[in-house]
Amino acid sequence: MIKRPTAFVLGAGASRPYGFPTARELLTGVRKSLATEQTFRVRLLGSDFNEAEIESLRSSLIGSPVGSVDEFLEIRDHARLVKVGKAAIAAYLLPREVALNLLPDTQDDDWYEYLFRRMKEGASTLNDFLQNAISFVTFNYDRSVEKFPFGSLCSTYGATPAQVATAWKRARMQIVHVYGSFGPLPELGGTLSYGVEPNFSGLLLRQAADSIHIVGEPGAQAGIDAAQDVLMRCERVCFLGFGYRPANVDRLGLKTTLLKDVRVFGSSYKTLSGERGDIKRMFEAVGHDIVLANPDANALDALRALPVLSPFDLADL
């Protein structure tokens, strides 16, 4: 079990092993889908967006050298495109919520399974497991971070979904979606299933889109506040699959939210030396050092290489 309060801050790279795109891949995918896939446009039309709105999103997004769809939509001059932009994000991501991708032995880089096994050590019952001092602060809209442990707990401890849902309410584990998600899983009181039908309705798409938030929208600050609340109670923080976009780091308010003696770790997949230097300086500016994994380490390898889950005191590290 993990007894030291630990938070994982997740970027798009953390969901990539389970069939989801990175922020850059999502941007490229939405651009291509808006331009060439009629089914994609039909989904947006079915959500009560008109051709003019869809075309305005396509023509503006295709020529903008931004790093992500979210970054594009945060620009104030694009406020009129936020609703259709969120629907485009949901239309691209929802079909990628595939439960089969979360089964054991499905992915070579399955860090969810590795973390689950570490959390299960010494946890002989379902209630024991849910006392692990682990929390997740995720910038992702997908719900794999909830779906994986919920299904795994049912299978591992022979519990019914209702029993897991009841026990879940007493868990120390917290999951915060900084910018919202596609809504709670049905097992946890929501209405939108994980893994929609290929021809899912415009109503479902609109529901999912309305559940995510772009900075500047009403309700967006609530997720940021909840994330800061989680982080200020942790002894260890690990950034996984995270792109270290300065705006996202700033919104976590690390200078005031992190404990003085917190240990901070992070993956740095495919970053170059100059980029890693900037990441370190970004954290030094808010009063903390960050220990980065090797740039050839994916999320699983980074989690194995970094001592974030170590049961030992890291004071001498």
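The values are calculated or read from the model by the stated rules, or taken from the named source; none is laboratory data. Keep in mind that what you see is a predicted model, and the values were worked out from it rather than measured. As a convention, Cβ positions derive from the backbone with ideal geometry for all residues, glycine included, and neighbour counts pool all protein chains shown. To get the accessible areas, we keep the full protein, side chains included, count just its heavy atoms, and leave off ligands, DNA and RNA. Shrake-Rupley method; radii C 1.70, N 1.55, O 1.52, S 1.80 Å.
Annotations for the structure displayed:
Listed here are the residues, each with its yes/no results for (1) under 30 Å from residue 232 (Cα atoms); (2) basic (Lys, Arg); (3) in contact with an Asp or Glu (Cβ under 7 Å, 6 or more places away or on another chain).
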site	(1), (2), (3)
7	yes, no, no
32	no, yes, no
39	no, no, no
44	no, no, no
48	no, no, no
60	no, no, no
75	yes, no, no
78	no, no, no
83	no, yes, no
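- Helices (runs of 4 or more DSSP H) within the stretch 205-317 that include 3 or more residues farther than 25 Å from residue 96 by Cα, modelled with pLDDT under 95 and open to solvent by 40 Å² or more (accessible area, probe 1.4 Å): none
- Selection of the stretch 13-40 for residues being modelled with pLDDT under 95 and open to solvent by less than 30 Å² (accessible area, probe 1.4 Å) yields only 40.
- Scanning the stretch 49-67 for residues that are surrounded by fewer than 19 Cβ atoms within 10 Å (Cβ to Cβ) and under 15 Å from residue 24 (Cα atoms) returns 62, 63, 64, 65, 66, 67.
- Here residue 159 meets the list (1) of a type outside the set (Lys, Arg); (2) part of a helix (DSSP H, G or I); (3) under 24 Å from residue 100 (Cβ atoms) almost entirely, failing just condition (2).
- Residues of the stretch 137-159 satisfying the condition of being surrounded by fewer than 23 Cβ atoms within 10 Å (Cβ to Cβ) and farther than 19 Å from residue 195 by Cβ: 156, 157, 158, 159
- Qualifying residue in the stretch 87-97 (condition: open to solvent by 10 Å² or more (accessible area, probe 1.4 Å), modelled with pLDDT of 95 or more and among the acidic types (Asp, Glu)): no
- If you go through the stretch 170-182 and pick out every residue that is assigned to a loop (DSSP other than H, G, I, E, B) and buried (at least 20 other Cβ atoms within 10 Å of the Cβ), you end up with 4.
- Test result for residue 235, touching a residue at least 12 places away in the same chain (Cβ under 8 Å), within 22 Å of residue 68 (Cβ to Cβ) and charged (D, E, K, R): no
- Enumeration of residues in the stretch 98-136 that are part of a helix (DSSP H, G or I), free of Cβ contacts under 8 Å to residues at least 24 places away in the same chain and either surrounded by 23 or more Cβ atoms within 10 Å (Cβ to Cβ) or more than 20 Å from the chain's Cα centre (by Cα) (or both): 117
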